[in-house]
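A.B. asks: Mind looking over this structure? Questions follow.
The values are calculated or read from the model by the stated rules, or taken from the named source; none is laboratory data. Small disclaimer: the values here were computed from a predicted structure and weren't measured. Here Cβ is always computed from backbone atoms with ideal geometry, including for glycine, and neighbour counts include all displayed protein chains. We work out accessible area using only protein heavy atoms, side chains counted, and drop any ligands, DNA or RNA first. Shrake-Rupley method; radii C 1.70, N 1.55, O 1.52, S 1.80 Å.
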Amino acid sequence: MIDMHCHLDLYPSPMSVVDEAAKQNFFTLAVTTSPRAWQATDRVFRRYSNIKVALGLHPEIVTEKASEKGLLIELISKTEFIGEIGLDGSRRFKGSFDLQKEIFESAILECAKQGGKVISIHSRRAEEEVLDIIASNPTCGIPILHWYSGSVTNLKRAIDLGCWFSVGPAMLRSKSNEEIVQKIPLERLLPESDGPFARDGANPIMPWQAIKVAEQISFLRGWTLRELERQLEKNLLGLLGRKA
Ligand code: MN
């Protein structure tokens, strides 16, 4: 149905996955990890009207891709969808945190200058810093926190700042994430797979499996599956209506 965050270009046979995603999903957002990857991917995927390719620079690889910062900022005017960008404060990436901040902040500022974009954001162990940057740029568009796993306090702040959330089946394997999902406003929620990184057993999760999350969420929130699926569709249409 809908997959609001997947790495379509990183599956082992991307073209067959893309074909299938175009058939099975109503909408798929393929995020990229570098501006050059966006250029290459967008050129190939552009012919699918229900797949959009988001321009990104993943926080985990900013050191390797620092030279593409200028390109990232320059290309923001070429697309309505940005991602994956953000910050990662886990120990492994602490060394590049200043560079991550510089790149993320410039990208968000540019989104605001361009009148706002739909932005898929990584915020692992850096929720506060991500929210500070969003708060300083209230016209950056629609920030969608992907796989949000921070505190409930920061979640409330994110909601107050107008953030949306994308949640996937793999995320709901943890109890603390279940607690987060209990508190996300359902009119700001969208499904994601985060494939091929997120897995379904031994295999990478596929974009058309993102919707499995609706079963889990409908159970947690006491909605029928049908009601929740309709709400998710409505959310997507509202979002695309604002930013086509
Ligand atoms: Mn991702």
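A.B. asks: Compute the relative contact order of the range 1-136 as a whole-number percentage, counting only Cα pairs closer than 8 Å that sit 6 or more residues apart in sequence.
C.D. replies: Contact order relative to length: 20 percent.
A.B. asks: Round to the nearest 0.05 the FRET efficiency obtained for Phe26 and Leu109 when R0 = 45 Å and r is the Cβ-Cβ distance.
C.D. replies: Once the sixth-power term is evaluated, E becomes 0.90.
A.B. asks: Pop out the carbon and sulfur fraction of the accessible area of the chain as a percent, whole number, probe 1.4 Å.
C.D. replies: 49
A.B. asks: Got a sec to turn the phi values of the range 45-61 into Karplus ³J(HN,Hα) couplings, 6.51 cos²θ - 1.76 cosθ + 1.60 with θ = phi - 60°, whole Hz, x for Gly and Pro?
C.D. replies: Those phi angles translate into 8, 4, 6, 8, 6, 9, 10, 10, 10, 8, 7, x, 8, 5, x, 6, 10 Hz.
A.B. asks: From the cross-link list Lys78/Lys101; Lys52/Lys175; Lys117/Lys234, which pairs have alpha carbons spaced over 27 Å apart?
C.D. replies: Details: Lys78/Lys101 23 Å; Lys52/Lys175 32 Å; Lys117/Lys234 19 Å.
From the list (Lys78/Lys101; Lys52/Lys175; Lys117/Lys234), the Cα-Cα distance tops 27 Å for Lys52/Lys175.
A.B. asks: To continue, here is another question. Per residue, how much accessible area does the range 114-201 show when a 1.4 Å probe rolls over the protein heavy atoms, in square angstrom?
C.D. replies: 38
A.B. asks: Something else about it: HN-Hα J couplings of the range 74-90 from phi, Karplus 6.51/-1.76/1.60, θ = phi - 60°, integer Hz, Gly and Pro as x?
C.D. replies: For the range 74-90, the Karplus curve yields 5, 7, 4, 5, 8, 8, 8, 10, 10, x, 9, 10, x, 10, 10, x, 6 Hz.
A.B. asks: For an R0 of 30 angstrom, estimate the FRET efficiency from the Cβ-Cβ distance between Glu64 and Asn154 and round to the nearest 0.05. Provide the component values of the computation, followed by the final result.
C.D. replies: Values: r = 29 Å, r/R0 = 0.95.
The pair Glu64/Asn154 has a calculated efficiency of 0.55.
A.B. asks: Which distance in nm do the two modelled labels at Ser49 and Lys94 give, with both placed 7 Å along the Cα-to-Cβ direction?
C.D. replies: 5.1
A.B. asks: Between Glu179 and Asn203, what's the calculated FRET efficiency when r is the beta-carbon distance and R0 is 30 Å? Round to 0.05. Provide the component values of the computation, followed by the final result.
C.D. replies: On the way: r = 28 Å, r/R0 = 0.93.
After rounding, the FRET efficiency stands at 0.60.
A.B. asks: I've got another one for you. Can you tell me the dipole magnitude for the chain around its Cα centre, using point charges on the Cβ only (Lys, Arg +1; Asp, Glu -1), in Debye to the nearest 20?
C.D. replies: Its charge dipole is roughly 240 debye.
A.B. asks: Also, I was wondering about something else. In whole percent, what relative contact order does the chain give with Cα contacts below 8 Å and a gap of six or more residues? Don't jump to the answer; show the numbers that get you there.
C.D. replies: Working: 467 pairs, mean separation 45.6, N = 244.
Relative contact order of the chain: 19 percent.
A.B. asks: Return the single residue from Met206, Met171, Met15 with maximal mean-square fluctuation; model: Gaussian network over the chain, springs between Cα atoms under 10 Å.
C.D. replies: Greatest mean-square fluctuation among the candidates belongs to Met15.
A.B. asks: Quick query: amide H of His5 versus all other amide H atoms, modeled in the peptide plane; which residues come in under 5 Å with a sequence gap of 5 or more or a different chain?
C.D. replies: Leu29, Ser193, Asp194
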